[in-house]
Amino acid sequence: MIAIVLVKFKKSAKEVAEYGNKVLKNAPKYIKVKASYWTMGRYDAVWIIEAPNEEKLFEWFLKAGRIDIAKTETMVALTREKAMKMISSVK
């Protein structure tokens with residue numbers, strides 16, 4: 001499964017970067033961070049993550065802890081190709 005994680009910093013960019021580096025380096029093998037972007041606008045960063053399922057993703061988030069660093073909003077996503085297959089199979 002693919003998850004898009006929208007991140008809003010609660011601490012300084014330096015503190016968030018240090019913590020984010022630690023979290024990314026210690027991610028379990030079943031979690032793959034496909035991309036990480038810092039953004040301008042409503043959110044400060046976006047992570048694209050691949051996980052085996054929602055439970056494993058949630059488990060990783062719980063182990064990462066430190067909710068004082070950032071606020072996140074997570075969306076489960078499908079590739080366009082998978083969505084198109086689903087649309088074409090609906091009758």
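The values are calculated or read from the model by the stated rules, or taken from the named source; none is laboratory data. All of these numbers come straight from a predicted model, not from anything done at the bench. For neighbour counting, all protein chains shown are included, and Cβ atoms are generated from backbone atoms with ideal geometry for every residue, glycine included. When the accessible area is computed, the model is the full protein with side chains, heavy atoms only, and any ligands, DNA or RNA have been set aside. Shrake-Rupley method; radii C 1.70, N 1.55, O 1.52, S 1.80 Å.
Here are the numbers for this structure:
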read-out: Residue selected from the range 66-85 under the condition open to solvent by 60 Å² or more (accessible area, probe 1.4 Å) and hydrophobic (A, V, I, L, M, F, W, C), by the criterion nearest to Val5 (Cα to Cα); value: Met75
read-out: Residue among Ala45, Ala13 that alone is of a type in the set (Gly, Ala, Ser) and open to solvent by 40 Å² or more (accessible area, probe 1.4 Å); value: Ala13
read-out: Residues within the range 41-80 that are free of Cβ contacts under 8 Å to residues at least 12 places away in the same chain and part of a loop (DSSP other than H, G, I, E, B), tallied; value: 3
read-out: Scope the range 16-33; condition more than 11 Å from the chain's Cα centre (by Cα) and open to solvent by 80 Å² or more (accessible area, probe 1.4 Å); matching residues; value: Glu18, Asn21, Lys22, Lys25, Asn26, Lys29
read-out: Lys63 being closer than 20 Å to Tyr19 by Cβ, open to solvent by 100 Å² or more (accessible area, probe 1.4 Å) and among the basic types (Lys, Arg); value: yes
read-out: Which listed residue is small (Gly, Ala, Ser) and touching a helix residue (DSSP H, G or I) at 6+ places or on another chain (Cβ under 8 Å), from Ala70, Ala35, Ala17, Ala83; value: Ala70
read-out: Of all residues making up the range 1-10, the number that are open to solvent by 50 Å² or more (accessible area, probe 1.4 Å) and of a type outside the set (D, E, K, R); value: 1
read-out: Exclusive hit being of a type in the set (Gly, Ala, Ser), in a helix (DSSP H, G or I) and open to solvent by 40 Å² or more (accessible area, probe 1.4 Å), set Ser36, Ser88; value: Ser88
